Amino acid sequence: MGSEEESAVKEPLDLIRLSLDERIYVKLRSDRELRGKLHAYDQHLNMILGDVEEIVTTVEIDDETYEEIVRTTRRTIPFLFVRGDGVILVSPPLRTA
Amino acid sequence: MVGSYINTHKFLSGFSSSSLYLFIAHLLSLNNPVLQLFFSYFKDLVGKEVTVELKNDLAIRGILHSVDQYLNIKLEHTRVVDQDKYPHMLSVRNCFIRGSVVRYVQLPPDGVDVDLLHDATRREARGG
Amino acid sequence: MSWAGPEDIYLSTSLASYLDKKLLVLLRDGRKLMGILRSFDQFANAVLEGACERVIVGDLYCDIPLGLYVIRGENVVLIGELDLEREELPPHMTRVSAAEIKRAQKAERDATDLKGSMRKRMEFLDMD
């Protein structure tokens, strides 16, 4: 990361470049969230994440009471390619100044 | 084997002259020929077992047969993860998946060279 | 005969190897079409000859004949080659007439609609 040019932030994706090899948070369409180490990305926000935790939030309607039941399902995946068109936001790790 | 993902010289050396023509025709059809990190990455993954998860929640495990610039994927020896839910997929042994409907691809751990990916990503970011 | 350009034919991810074969085409709205692939292009637009729609409701199914279809690539999720050696569907599934499958489809739709409208009523009662 040494050189000044490499660490300069001029456009949104530069922030993602600075998150390479760091754990990031990704919010996806259809109520999915990922946390994982960023290993690769491109201009479409296609990504490869490592050591990923996925959280899926689903809402079901109970057969008898017709009440909404909110469920979260978690799973871990060692290495995952994520297609960029499903990405809503990417949050880099918090940095202490 | 995982090679250098966007090393063009190495990339071209493996092509015959007719496929070289096709390769160049191919580059001309892309907006930016340098930017195809994941296309190159998936090409190196051919022959390995992956699980492709689609936006309609269907998940298919199979051997990666091929991939193209749109990240369309062809799988062989396929098996649907939740077979009971998708009985119509029972006799499908190989398939073509349109790139645009893919949500995830679960990758084999031995198909991910983290350092190579970091280098290729930085190079790609400079090219863009 | 296929009218796809040369770069498409040589791309190993093209649908060329599926030409003249019996295929299953999954569409984005969940429909399942079957037929013989006669032509395609780089968008995965496809011409199916002798197409039929396979409607599945629970353990019942029916193949509704459609004829010659041109499918817009955008709507294609997956194209799978059917292994003619294998059973297309699990043995516990029963083929029924078109009229019967339409009734089953309607019953299924009505059940989901009821669940939705009951939920709306509950929401209304929750207000106070």
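Okay, residues lined up against (1) hydrophobic (A, V, I, L, M, F, W, C); (2) within 12 Å of chain C (Cβ to nearest Cβ):
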{"residue": "B:Phe39", "(1), (2)": "yes, yes"}
{"residue": "B:Leu45", "(1), (2)": "yes, no"}
{"residue": "B:Val50", "(1), (2)": "yes, no"}
{"residue": "B:Ser66", "(1), (2)": "no, yes"}
{"residue": "B:Val80", "(1), (2)": "yes, yes"}
{"residue": "B:Gly99", "(1), (2)": "no, yes"}
{"residue": "B:Leu107", "(1), (2)": "yes, no"}
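Look at the stretch C:82-128 and say how many of its residues are within 14 Å of B:Pro87 (Cβ to Cβ), open to solvent by 90 Å² or more (accessible area, probe 1.4 Å) and out of contact with any Cys (no Cβ under 9 Å at 6 or more places or on another chain). Quick ask: steps written out before the conclusion?
Of the residues in the stretch C:82-128, the ones within 14 Å of B:Pro87 (Cβ to Cβ) are C:82, C:86-95.
Filter again for open to solvent by 90 Å² or more (accessible area, probe 1.4 Å), leaving C:86-87, C:91-92, C:95.
Still in the list and also out of contact with any Cys (no Cβ under 9 Å at 6 or more places or on another chain): C:86-87, C:91-92.
Selection size over the stretch C:82-128: 4.
For B:Gly99, the conditions (1) modelled with pLDDT of 95 or more; (2) in contact with a helix residue (DSSP H, G or I) (Cβ under 8 Å, 6 or more places away or on another chain) all hold with the exception of (2).
What do you reckon, is C:Val57 of a type in the set (Val, Ile, Thr), surrounded by 18 or more Cβ atoms within 10 Å (Cβ to Cβ) and over 30 Å from B:His65 (Cβ atoms)? Considered against the rule, which asks whether it is of a type in the set (Val, Ile, Thr), surrounded by 18 or more Cβ atoms within 10 Å (Cβ to Cβ) and over 30 Å from B:His65 (Cβ atoms), C:Val57 comes out as yes. Selection within the stretch B:94-128: residues that are of a type in the set (Ser, Thr, Tyr) and part of a helix (DSSP H, G or I). The member of this set that is least open to solvent (accessible area, probe 1.4 Å) is B:Thr121. The residues on offer are C:Gly80, C:Gly67, and the sole one that is within 26 Å of B:Glu76 (Cβ to Cβ), assigned to a strand (DSSP E or B) and among the small types (Gly, Ala, Ser) is C:Gly80. The criterion of at least 2 residues that are among the hydrophobic types (A, V, I, L, M, F, W, C), within 13 Å of another protein chain (Cβ to nearest Cβ) and surrounded by 18 or more Cβ atoms within 10 Å (Cβ to Cβ) is met, among strands (runs of 3 or more DSSP E) falling completely within the stretch A:16-97, by A:23-28, A:32-41, A:47-61, A:68-82. Of all residues in the stretch C:60-79, those satisfying the criterion of being of a type in the set (A, V, I, L, M, F, W, C) and surrounded by fewer than 16 Cβ atoms within 10 Å (Cβ to Cβ) are C:Ile64, C:Leu66, C:Leu68, C:Val70.
The values are calculated or read from the model by the stated rules, or taken from the named source; none is laboratory data. Given the structure is predicted, the values throughout are model-derived calculations rather than measurements. Cβ coordinates were reconstructed from backbone atoms using ideal geometry, including for glycine residues, and neighbour counts include every protein chain displayed. Note: areas computed on protein heavy atoms with side chains; ligands, DNA, RNA excluded. Shrake-Rupley method; radii C 1.70, N 1.55, O 1.52, S 1.80 Å.
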